[in-house]
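> Mind looking over this structure? Questions follow.
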Amino acid sequence: MKSLKVLVMVSVVVLFAPLYLIAADFDWTRDFNIRAEADASGFRARLATRFNIGDAQVDFVLGNVDRPADAYIVLRLGEMSARPTDYVIEQYKAGKGKGWGVIAKSLGIKPGSKEFHTLKRGSDLYNDRNVGKGKGKGKGKEKK
C-alpha cells in the first residue's frame, strides 16, 4: 500500500512538473497583467503605439484573449511570424492550454529560437526588462 502511494506521488510530480516549468518561462506575465489591469487605458495606448495599430485592432485582440499579457504575446507572435493578427488569434484559440511554444511552432516560429527566448524573458512594452542582458560576452577590456 505504501509503495502505491509513492508511485502515485511520483506520477503526479512527473506529470505536472513540465507544466510548472512551462509556466515559469512566462512568469513575467503575472506582473504584466497586474500593471496592465491597473491602467487599462494606458495599456491600450501602449499596445497601439508599440504595434502601430488602431483602436479597432486593439479591441479585437483584447476581446479574443483571456489576459492583457496574452494580447501582447499574440501581437508579438504575429510580428515575429509576419502573420495577420486574426490568424494568430485562431492559433491562440486552437492551442489554448498547450502553451506558447505550441502556438509559436504552429506559426513557424521555433520555440528554441533567439526571438522566442527573448519573448519568454518578458515584454518590451514597459521598458523594464533585461532583454538581451545576461548570458553572452561583454566588451571586456579594451586593448591599447
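> Residues of the stretch 91-116 being outside any loop (DSSP other than H, G, I, E, B) and surrounded by 13 or more Cβ atoms within 10 Å (Cβ to Cβ), which ones?
Answer for the stretch 91-116, where residues must be outside any loop (DSSP other than H, G, I, E, B) and surrounded by 13 or more Cβ atoms within 10 Å (Cβ to Cβ): Q91, Y92, G95, W100, G101, V102, I103, A104, K105, S106, E115, F116.
> Kindly indicate whether any position in the stretch 93-101 is at negative phi, modelled with pLDDT under 95 and within 11 Å of the chain's Cα centre (by Cα).
Yes, some residue in the stretch 93-101 is at negative phi, modelled with pLDDT under 95 and within 11 Å of the chain's Cα centre (by Cα).
> Given A56, A82, A36, which one is on the phi > 0 side of the Ramachandran plot and hydrophobic (A, V, I, L, M, F, W, C)?
A82
> From the residues in the stretch 117-143 that are at positive phi and surrounded by fewer than 12 Cβ atoms within 10 Å (Cβ to Cβ), which one is modelled with the highest pLDDT?
Here the residue is N127.
> Looking only at the stretch 79-95, which residues are closer than 22 Å to D25 by Cβ and either touching a residue at least 12 places away in the same chain (Cβ under 8 Å) or polar (S, T, N, Q) (or both)?
Passing the criteria: E79, M80, S81, R83, V88, I89, Q91, Y92, K93, A94.
> Okay, next question. Taking interchain pairs and intrachain pairs at least six residues apart, which have beta carbon atoms under 7 angstrom, with the first residue in the stretch 49-71 and within 26 Å of D25 (Cβ to Cβ) and assigned to a helix (DSSP H, G or I) and the second aliphatic (A, V, I, L, M) and at pLDDT below 95?
Correct list of pairs: R50/L125.
The values are calculated or read from the model by the stated rules, or taken from the named source; none is laboratory data. Everything quoted here is computed from the prediction, not taken from an experiment. Heads up, the Cβs are rebuilt from the backbone with ideal geometry, glycines too, and the neighbour counts pull from every protein chain shown.
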